[in-house]
Amino acid sequence: MNQKPETIFLTGRIEKITYTSEETGYTVAKVIVQGRKDPVTIVGNLISPVPGETLTMKGEWTRHPKFGEQFKVSEFSSASPESPAGIEKYLGSGLVKGIGPVMAERIVKKFGIKTLDIIENDTGKLSSVEGIGEKRIATIRKAWDEQKEIRNLMLFLHAYGLGAGYAIKIFRKYGNRATAIMKENPYRLAVDISGIGFITADRIGAKLGFAKDSKERIESGIVYVLFTLSEEGHVYYPLPSLIENCAAMLDVERENVKKGIDAAAASGKIVIEELEGDIGKTEEERKGVFLAKYHYCEAGTSKLLKVIVGSVKSYKNVIPDKAIEWAQHELSITLAGKQIEAVRSALEEKVLVITGGPGTGKTTIINAILKIFKRLKMSILLGAPTGRAAKRMSEATGCVAKTIHRMLEYNPEKGGFRRNEKNPLECNLLVVDEASMIDNILIFSLLKAVPPESVLILVGDVNQLPSVGAGNVLNDIIESGIAPVVTLTEIFRQAKESRIVINAHRINDGIMPFLKAGEKSSDFYFIEQDNPEKVIEIIRELVAERIPGHFGFDSFNDIQVLTPMHRGVLGSSSLNAVLQEALNPGDALLVRGEKKYKTGDKVMQVRNNYDKEVFNGDIGRIKSIDSEDRKMIVSFDGRPVEYDFHELDDIVLSYAVSVHKSQGSEYPAVVMPVHTQHYMLLQRNLIYTALTRGRRLVVMVGTKKALAIGINNNRTQKRYTFLKDRLKKNSE
């Protein structure tokens, strides 16, 4: 008969944290226990453990088949260290910004066991320590107070089954009211804090005593469902489908959801609109439900675009034929029929859309338009949704192009853009490239700042993946008929020599690409390999050795690995780990759960940060990691940007990134796995988008079967937007 393991109580000082997960709190640590010669290995869910602190633990001894004897912690309490050695380790662990190992040693040498009391109650005395001035004292005081608040918050979260890693995010969002806000309505966490879904918030709500059919739970659940649907691209969702989704997720009756939707609408969180057109038969089916901000932006976009279309141009007396003839002579080019049509429309219309694939002459058209408008002495602005797209536009035109965010001039004090209807952009012509990437919110912000008399030209490729954010803006504008559209299909002579261009058009037409490289100078290669582990090894060799050796491309700056998904053997997480080790070996300077950061790492910003002026998709390199000041410096195109350690969720390794994250970017060389492991995500526009990101070389590694699956799958997910129909209406 098996005996139950004996419950043991153990007290010891944490010597070293071997591993800790911020999300779950699961920790492996070495603890010094009095009476034992060697440190004891402990495992269990701890609250943000810090070297030097003393733990009183309840648990049992276990034996791991690989790591040997371990103490499995079931309950614990912690106390600040009392010995000088413990205090020094505690302060030097990075717990308090402004104090690293060297400074911790100096402070403890000066104050001994009174150190923590002085930091708590009499920080000014720290000025007697070498290297500590008023500025550092202020930093230490603020950091000490914050870490106390955060650790109290961690205790609260731990009691409700939430990992300590969320505490900093929650504290940054809610400040000292964090605990009070969570007690009042824990469901807010699901939308307000990235990484916390409704299930987690719901668990806290249940423990706090919120009933399943409580008003707070149902209303927040409805908002959360709409929020997750917006992340899938939907601006609104049909009322009947929303009711079904919410009833299933919340496990409540449909009637309760209906009441919740009415209450959320009454409070202004959501908008219910009866949609005209061929939407549905019953009154309920014709209703769409919007998050308030998306409704405001979509309705506003429609209104503003109509104002621009209906306004008078800021120039006149231009004869298009003469202007086009002059531009061709000045640029030493001969425009094709569709290109002439595009330039003519730019001179005659207020809003124009130019769309076409690679090699169809979009840049030539833009340059001809710019030449004419410069001759007319018109003020010109060029913009794009991403930094890389803006940079590419600048290189192609010889004119300064900015990201839309920078063009609109973010105001950190007021949290919005300085450029708007009251302070419009100063331009007679605005050309926006990569317009397929623009989402519901960004187009509204842009149009608010466009002067009504300006000409607006949107350039993009509608066959690429749609915007990451909600909406299908470029498609909706095209299908509404509000503005002329020039669709370019002819591939020009120079582009015809590129297998990348030819294969992109074949894929877009639903035809398998040419897979044999042909001439030695080919820019497209397909390496067939079915084994996922071998695919990874081939990609590693291509990026680290073969492509740099054969083509002279730099592994960091010129080659980008793109993959359809994040998880799995061939997902971005797995590929990043392999490529980081191959391209930037050595010990990690910072470990946060599963993530490892090293100086020199290639990283990507994954959220718009207007204060730092870095945006979703920007790629940089880590220049330094400072454990004492708890900050990292990342260089984006030579511009240093500082991150506190608590902000590191905003950046990820980017040796490999998802195809979605590559939108608007172009790289000298692209390497991409195409495998049946990605079956669920393989679709034509994804493969087309990945292929067209490569400027001079694309190498695909995988199977013909997977490639064929993707090319034959042209069923893109429907996005619920109403912009097309709003634009078709004569008046709002």
Original post:
Roughly speaking, to the nearest percent, how much of the range 608-732's 1.4 Å accessible area is carbon and sulfur?
Top reply: 42
**OP:** Give the angle, between 0 and 90 degrees and rounded to the nearest 10, that separates the Cα long axis of helix 532-541 from the longest principal axis of the Cα atoms of the chain.
**Re:** 80
Original post:
Stokes-Einstein at 25 °C, 0.890 mPa s, Kirkwood radius from Cα pairs: D for the chain in µm² s⁻¹?
Top reply: 84
Original post:
According to the square roots a ≥ b ≥ c of the eigenvalues of the Cα gyration tensor, what is the shape class of the range 592-732, taking rounded for a/c under 1.5, prolate for a/b larger than b/c otherwise, and oblate for the remainder?
Top reply: oblate
**OP:** Determine the percent antiparallel among the DSSP beta bridges restricted to the chain, to the nearest 5.
**Re:** 60
Original post:
Accessible area per residue, 1.4 Å probe, Å², for the range 43-85: what's the number?
Top reply: 54
Subject >> Between the range 605-651 and the range 504-572, the Cα center-to-center distance that results, in Å >> reply: 29
Subject >> In order through the range 658-664: 3J(HN,Hα) via Karplus (6.51 cos²θ - 1.76 cosθ + 1.60), integer Hz, x for Gly, Pro >> reply: 5, 4, 4, 6, 8, 4, x
Subject >> Among the listed pairs K374/K729; K16/K58; K89/K142; K287/K414; K313/K374, those beyond 24 Å (Cα-Cα) >> reply: K374/K729; K287/K414
Subject >> Fraction of accessible area attributable to carbon and sulfur, the range 120-201 (%, probe 1.4 Å) >> reply: 48
Original post:
Contour minus end-to-end for F227 and C399, with contour as 0.36 nm per residue of separation and end-to-end as the Cα-Cα distance?
Top reply: 58.1 nm
**OP:** Find the accessible area per residue for the range 336-400; the probe is 1.4 Å, ligands and nucleic acids are left out, and the unit is Å².
**Re:** 37
Subject >> the range 261-379: relative contact order in percent, alpha carbon pairs under 8 Å with at least 6 residues between >> reply: 18
Subject >> Pair Y26, V591: separation of 7 Å Cα→Cβ label points (nm) >> reply: 1.5
**OP:** Only helical DSSP H runs with n ≥ 4 go in: add -39500 (n - 2.57) per run for the chain, normalise by residue count and round the 222 nm mean residue ellipticity to 500 deg cm²/dmol.
**Re:** -11500 deg cm²/dmol
Subject >> Calculated Rg and Dmax of the range 31-156 using C-alpha coordinates, Å >> reply: 16.6, 53
Subject >> Degrees separating the helix 572-583 axis from the principal Cα axis of the chain, which is the longest one >> reply: 80
Subject >> Whether the range 12-69 is rounded, prolate or oblate, judged on the alpha carbon gyration tensor where a/c under 1.5 counts as rounded >> reply: oblate
Original post:
Looking at this model, which pairs from K595/K704; K215/K595; K402/K422; K316/K402; K114/K612 are more than 30 angstrom apart at the alpha-carbon?
Top reply: K595/K704; K215/K595; K114/K612
**OP:** For the range 351-366, take each phi angle, set θ = phi - 60°, evaluate the Karplus expression 6.51 cos²θ - 1.76 cosθ + 1.60, and give the result in whole Hz per residue in order, putting x for glycine and proline.
**Re:** 10, 9, 10, 10, 9, x, x, x, x, 9, x, 5, 5, 4, 4, 4
Original post:
Using the alpha carbon gyration tensor of the range 270-343, what are the three equivalent-ellipsoid semi-axes (square root of 5 times each eigenvalue), largest first, in whole Å?
Top reply: 45, 16, 11
Original post:
Where a ≥ b ≥ c are the square roots of the eigenvalues of the C-alpha gyration tensor, would you call the range 171-313 rounded, which needs a/c under 1.5, or, failing that, prolate if a/b is larger than b/c, or oblate?
Top reply: oblate
**OP:** Find the centroid of the Cα atoms in the range 410-438 and in the range 107-179, then give the distance between the two in whole Å.
**Re:** 40
Subject >> Nonlocal amide H pairs with T11, under 5 Å, H built at 1.01 Å >> reply: M57
Original post:
So if we plug the beta-carbon distance of T18 and K516 into 1/(1 + (r/R0)^6) with R0 = 51 Å, what FRET efficiency do we get, rounded to 0.05?
Top reply: 0.50
Original post:
How far apart, in nm, are the 7 Å Cα→Cβ label points at T56 and R418?
Top reply: 5.8
**OP:** Take every Cα pair under 8 Å in the chain that's 6+ residues apart, average their separations, divide by the length, and report that relative contact order as a whole percent.
**Re:** 11
**OP:** Enter the accessible area per residue of the range 436-527 (Å², integer; probe 1.4 Å; all protein chains in place).
**Re:** 40
Original post:
On alpha-carbon atoms, Rg over Rh for the range 104-240 using Kirkwood Rh?
Top reply: 1.18
Original post:
Which value, in Å³ per residue, describes the convex hull spanned by the Cα atoms of the range 442-500?
Top reply: 133
Subject >> Alpha carbon Rg of the range 363-477, scaled by the compact-globule rule 2.2 N^0.38 Å >> reply: 1.03
Original post:
Expressed in nm to one decimal, what extension gain is obtained for the pair K316 and F67 from 0.36 nm per residue of sequence separation less their Cα-Cα distance?
Top reply: 81.6 nm
Subject >> For the range 426-571: lysine pairs under 26 Å (alpha-carbon distance), excluding those fewer than 8 apart on one chain >> reply: 4
Original post:
Counting every Cα pair in the range 671-732, what percent are over 13 Å apart?
Top reply: 68
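The values are calculated or read from the model by the stated rules, or taken from the named source; none is laboratory data. Only a predicted model underlies this, so the values are computations on that prediction, with no experimental measurement involved. Heads up, the Cβs are rebuilt from the backbone with ideal geometry, glycines too, and the neighbour counts pull from every protein chain shown. Surface accessibility is based on the protein's heavy atoms, side chains included, excluding ligands, DNA and RNA. Shrake-Rupley method; radii C 1.70, N 1.55, O 1.52, S 1.80 Å.
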